[in-house]
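A.B. asks: Handing you this structure, nothing more for now.
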Amino acid sequence: MRNALSTLLRTALAALIVQLALISFATAQTKITIGVPPVPEFVLPMIAVEQGYFRDHGIDATIKIIPGGQSMPAALQSDSLQIAALSTASLIQVTDSGLDLVIVSGGAIASVNDTNYGIVAGANSGIVKSEDFVGKKIGTPGLGSFFHIMAREWFRRSGVDWQRITFVESTFPQLADLLKARTVDAVLSTNPFLQRAAAPGIGGKIFYIAANLPDRLPPFVYASSRAWADAHREAAAGFKLALDKAIAFEQSDLPATLEIFGKYVKMPPEVLKTLTINKLDTDVTPQQVQLWVDMMDKQDMLRNFKSPEKLFPK
């Protein structure tokens, strides 16, 4: 009887120790909400949640899908989001306007060989070369957005005065409809929306503008407020390490990666199978950010921006 009671007590004590350990583990987890747009290149945080990479680095993460993303810088500053995927151009603009945000991790690196974004001319627009865009209307996902900036730089490098082109603001899902209705003559888009705009009867020639833009341009980064990054240095470092593991997963199993993406954005399997993903990379340098600063300066978009180094927490 005494042995049985002793065994029972040991079992109960062991269960209590396990329970306390689990409570302690849960308490140690840093809770964050991550804002990302519904585009395949932003799949890394989704992978890190699904595969437990964030949990391995002491992070309890929730993904929030935010189309467009214009509200995300203010959400970071107010701490309703702790980390968000921002275009590098947007980060430069909002810090130039006074928000105190910093880069927690890189996100992707654009290559001159990229064909996952570009300008789709309308099927009956008569546009076959860059000069043909003069006097035309181009639907673009956000005036002043990084796509808009890249398009204007592409026109500048092609010898075309972009100020003689009208850019019409829209959202990614609506661009193909604008092109089909001939409200615009062309659209600036990225996959999967580019594919829809390029469908027979809607789109004509596709101009893959990356070929005439700076190589190794970082299109977006993951950012936080400086206050959050300073107060959560371990979690900020763990975030990047978790994304590194997610990159390895993406490179080894693209179908599973796209399945995870489809789960978060509610995209049907037949569309997922057509998607590609740009080169993802968590490393980004001030020199790469400077490429954006140079383009934006030429477009007279900045007033008080000092140096890319200020975007990196010390």
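A.B. asks: For the stretch 174-189, check the following and say yes or no: at least one residue is at pLDDT below 95 and either closer than 30 Å to A248 by Cα or among the hydroxyl-bearing types (S, T, Y) (or both).
C.D. replies: Scanning the stretch 174-189, I find at least one residue that is at pLDDT below 95 and either closer than 30 Å to A248 by Cα or among the hydroxyl-bearing types (S, T, Y) (or both), so the answer is yes.
A.B. asks: Being over 14 Å from the mean Cα position of the chain (by Cα) and over 13 Å from G106 (Cα atoms) is the filter here; which residues of the stretch 275-286 pass it?
C.D. replies: Passing the criteria: L275, T276.
A.B. asks: Give me the pairs, please: first residue somewhere in the stretch 214-237 and over 25 Å from D294 (Cβ atoms), second residue anywhere and modelled with pLDDT under 95, beta-carbon distance under 6 Å, and either six or more positions apart or on two chains.
C.D. replies: Correct list of pairs: S225/Q77; A229/P313.
A.B. asks: Follow-up. Confirm whether L188 is within 18 Å of the chain's Cα centre (by Cα), over 30 Å from I59 (Cα atoms) and either assigned to a helix (DSSP H, G or I) or not basic (K, R) (or both). If you could, list the steps in order and put the result at the bottom.
C.D. replies: On the way: within 18 Å of the chain's Cα centre (by Cα): yes; over 30 Å from I59 (Cα atoms): yes; either assigned to a helix (DSSP H, G or I) or not basic (K, R) (or both): yes.
So L188 fits the description; yes.
A.B. asks: Working carefully through the options L280, L302, L258, find the one that is in contact (Cβ under 8 Å) with a residue 60 or more places away in the chain, in the same structural domain as S80 (by TED's automatic domain parsing) and over 25 Å from D114 (Cα atoms). Walk me through it before giving the result.
C.D. replies: Working: L280 fails: over 25 Å from D114 (Cα atoms); L258 fails: over 25 Å from D114 (Cα atoms).
Being in contact (Cβ under 8 Å) with a residue 60 or more places away in the chain, in the same structural domain as S80 (by TED's automatic domain parsing) and over 25 Å from D114 (Cα atoms) holds for just one of L280, L302, L258, which is L302.
A.B. asks: Suppose the filter is in the same structural domain as F239 (by TED's automatic domain parsing), over 23 Å from D177 (Cα atoms) and either surrounded by 16 or more Cβ atoms within 10 Å (Cβ to Cβ) or modelled with pLDDT under 95 (or both); does T95 pass it? Steps first, please.
C.D. replies: Values: in the same structural domain as F239 (by TED's automatic domain parsing): yes; over 23 Å from D177 (Cα atoms): yes; either surrounded by 16 or more Cβ atoms within 10 Å (Cβ to Cβ) or modelled with pLDDT under 95 (or both): yes.
So T95 passes the test.
A.B. asks: Considering the stretch 268-314 alone, what residues qualify as being closer than 22 Å to K240 by Cα, surrounded by fewer than 20 Cβ atoms within 10 Å (Cβ to Cβ) and of a type in the set (A, V, I, L, M, F, W, C)?
C.D. replies: F312
A.B. asks: For the stretch 157-172, name all the residues that are touching a residue at least 60 places away in the same chain (Cβ under 8 Å) and in a helix (DSSP H, G or I). Steps first, answer last, please.
C.D. replies: Our first condition is that a residue be touching a residue at least 60 places away in the same chain (Cβ under 8 Å); within the stretch 157-172, this holds for 171-172.
The answer is F172, and nothing else.
A.B. asks: Here's something else I'd like to know. Taking V120 as meeting all but one of (1) at negative phi; (2) surrounded by 22 or more Cβ atoms within 10 Å (Cβ to Cβ); (3) at pLDDT below 95, write down the number of the exception.
C.D. replies: Result: V120 passes all but (3).
The values are calculated or read from the model by the stated rules, or taken from the named source; none is laboratory data. All values derive from a computational prediction rather than experimental measurement. No Cβ is skipped: glycine too gets one built from the backbone with ideal geometry, and neighbour counts run over all protein chains shown.
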